[in-house]
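The structure appears below as structure tokens.
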């Protein structure tokens, strides 16, 4: 490996010949550091990575038909990773992070910032390496694993789309959609936010990886959000979002207006809905809710680094090759998918944050655990990355989800799922089952010192009468449970798989864009518990929009 490292290192200054001023600054500073960055008896790092994110971002917000804020920013973020020691033992662990900070647009300023971040990253790497070696004198290590996988360097340059923002269209859209809420006196606060983004990612490593590509993430989003309070003071929220590659790809305005109206109507209906008491009962989970459930209950548990860190729950570490969910369900993650039924995928990318090509990974095949989401931190039985090392601009990559896909064998029509729900409720002696629609997100602790309890927060909850099948909107509850129990109570799935593409996921490596593609599923029993309540007295006076002449 020393001969290979030397060849790659000698090739680094040649990158300056490309004429790209950003890579010129990056390659010159990296070559200098890899040859001369030493302290006392400690040698140079054996690996370094520089990541630069160049981003333009514009956001406009409107409320009740009028602009309330607008701002634009152009920035550069730097991330420096230094590894000291060797691939078999270095300074890294799950909690390791590199050094990050702002970067200059002028190449000389950029190089100055890289110099200072590199100095800090190197010193921290040496210190952490010594601490890690010292811990080995007392800690029990059941299996010696390498700390870094060997991957083929990647070199690529891809064009970006236009960096011209359609400000006029964004403002007009925010104002027009937000004006919808003027007609709903029950809505107490609302806003429409339009976000436009252009970004490039520059990645250079001491191994020879050199990427100049558009940053991951579908760039543009329109989000509608509103809230109200019921007569008992309970806060109620609702939202809808469209994520697109360009504002030109949005649905026609009449569709946008209609779906914005739907947000307002659902809020008005929820104000009158009864509060649901805690209960265990069968339920249908719609497509978005199912996707978030699998994301929280299974996806995070299958991130590779969690199988190695003894502080993690490691629910599935020793279950490879064994059935963990019903045999008619499979789970995969495919960042190479760019569209689903014509809609762009938020979690698509060509190379992950470590420069490894993205790949389709079958995690669970017909109920049997097959794989993990791997970065370059190896785990038992998995000695290479599968292109899922992801991070935001301020963190070191770890194994993360991208486009998570739930597939079911022999799905049934959605109407059949409803018939099965009613039959299950009757058989269980329950007066009703439930339908959970949409999701605000979820939580599921991964550390071993926390109970592995799952929560997914539904956007809407309907009670389904076991005798008539009639649906009644209710409020005030959230779904809880434990991952293995909930997933293994899935008894049927519908043929209505759809995409939820407006989510960002937060974990140790920061916030990354993700998608879920999933069908509706029927679960033989879920548990609903009361959600934390935000209660306050509703406004005393009516809205000025609805009190004429005052």
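Can you tell me which residue within the stretch 188-221, out of those that are surrounded by 22 or more Cβ atoms within 10 Å (Cβ to Cβ) and under 22 Å from residue 258 (Cβ atoms), is modelled with the lowest pLDDT?
The extreme case among them is 220.
Within the stretch 421-429, does at least one residue satisfy the condition of being crowded, with 16+ Cβ neighbours inside 10 Å, in the same structural domain as residue 489 (by TED's automatic domain parsing) and in a loop (DSSP other than H, G, I, E, B)?
Applying the first criterion (crowded, with 16+ Cβ neighbours inside 10 Å) to the stretch 421-429 yields 421-422, 424-425.
Next cut, in the same structural domain as residue 489 (by TED's automatic domain parsing) only: 421-422, 424-425.
Subsequent filtering for residues that are in a loop (DSSP other than H, G, I, E, B) retains none.
No, every residue in the stretch 421-429 fails to be crowded, with 16+ Cβ neighbours inside 10 Å, in the same structural domain as residue 489 (by TED's automatic domain parsing) and in a loop (DSSP other than H, G, I, E, B).
Residues are listed down the side, and each one gets a yes or a no for (1) surrounded by fewer than 23 Cβ atoms within 10 Å (Cβ to Cβ); (2) modelled with pLDDT of 95 or more:
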site: 337; (1), (2): yes, yes
site: 345; (1), (2): no, no
site: 349; (1), (2): no, yes
site: 416; (1), (2): yes, yes
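Among the residues of the stretch 457-477, is there at least one that is assigned by TED's automatic domain parsing to the domain that holds residue 284 and within 27 Å of residue 375 (Cβ to Cβ)?
Looking only at the stretch 457-477, we keep the residues that are assigned by TED's automatic domain parsing to the domain that holds residue 284, and these are 457-477.
The next check asks that each one be within 27 Å of residue 375 (Cβ to Cβ); those that pass are none.
No, there is no match, as no residue in the stretch 457-477 is assigned by TED's automatic domain parsing to the domain that holds residue 284 and within 27 Å of residue 375 (Cβ to Cβ).
If you scan the stretch 273-323, which residues turn out to be at positive phi and modelled with pLDDT of 95 or more? Reasoning before the result, please.
First, pick out the residues of the stretch 273-323 that are at positive phi: 314, 321.
321 - this is the single residue of the stretch 273-323 that is at positive phi and modelled with pLDDT of 95 or more.
Just name the residue that is modelled with the lowest pLDDT out of those in the stretch 115-155 that are part of a loop (DSSP other than H, G, I, E, B) and either in the same structural domain as residue 383 (by TED's automatic domain parsing) or farther than 20 Å from residue 46 by Cα (or both).
Restricting to residues being part of a loop (DSSP other than H, G, I, E, B) and either in the same structural domain as residue 383 (by TED's automatic domain parsing) or farther than 20 Å from residue 46 by Cα (or both), the top hit is 142.
Can you tell me which residue within the stretch 76-96, out of those that are surrounded by fewer than 18 Cβ atoms within 10 Å (Cβ to Cβ) and in contact with a helix residue (DSSP H, G or I) (Cβ under 9 Å, 6 or more places away or on another chain), is nearest to residue 35 (Cα to Cα)?
89
Are there any strands (runs of 3 or more DSSP E) wholly within the stretch 435-550 with 2 or more residues that are touching a residue at least 12 places away in the same chain (Cβ under 8 Å) and over 21 Å from the mean Cα position of the chain (by Cα), and if so which? Don't jump to the end; show me each part of the working.
Numbers: elements: 454-465, 471-474, 477-481, 490-493, 498-507, 510-518, 521-530.
Qualifying strands (runs of 3 or more DSSP E): 454-465, 471-474, 477-481, 490-493, 521-530.
Among the residues of the stretch 370-390, is there at least one that is in contact (Cβ under 8 Å) with a residue 60 or more places away in the chain, over 24 Å from the mean Cα position of the chain (by Cα), under 30 Å from residue 466 (Cα atoms) and outside any strand (DSSP E or B)?
Checked against the condition, which is being in contact (Cβ under 8 Å) with a residue 60 or more places away in the chain, over 24 Å from the mean Cα position of the chain (by Cα), under 30 Å from residue 466 (Cα atoms) and outside any strand (DSSP E or B), the stretch 370-390 yields no hits at all.
The values are calculated or read from the model by the stated rules, or taken from the named source; none is laboratory data. Quick caveat: nothing in here was measured; it's all calculated off a predicted structure. Reconstructed Cβ throughout: ideal geometry from the backbone, glycine too, with neighbour counts over all protein chains shown.
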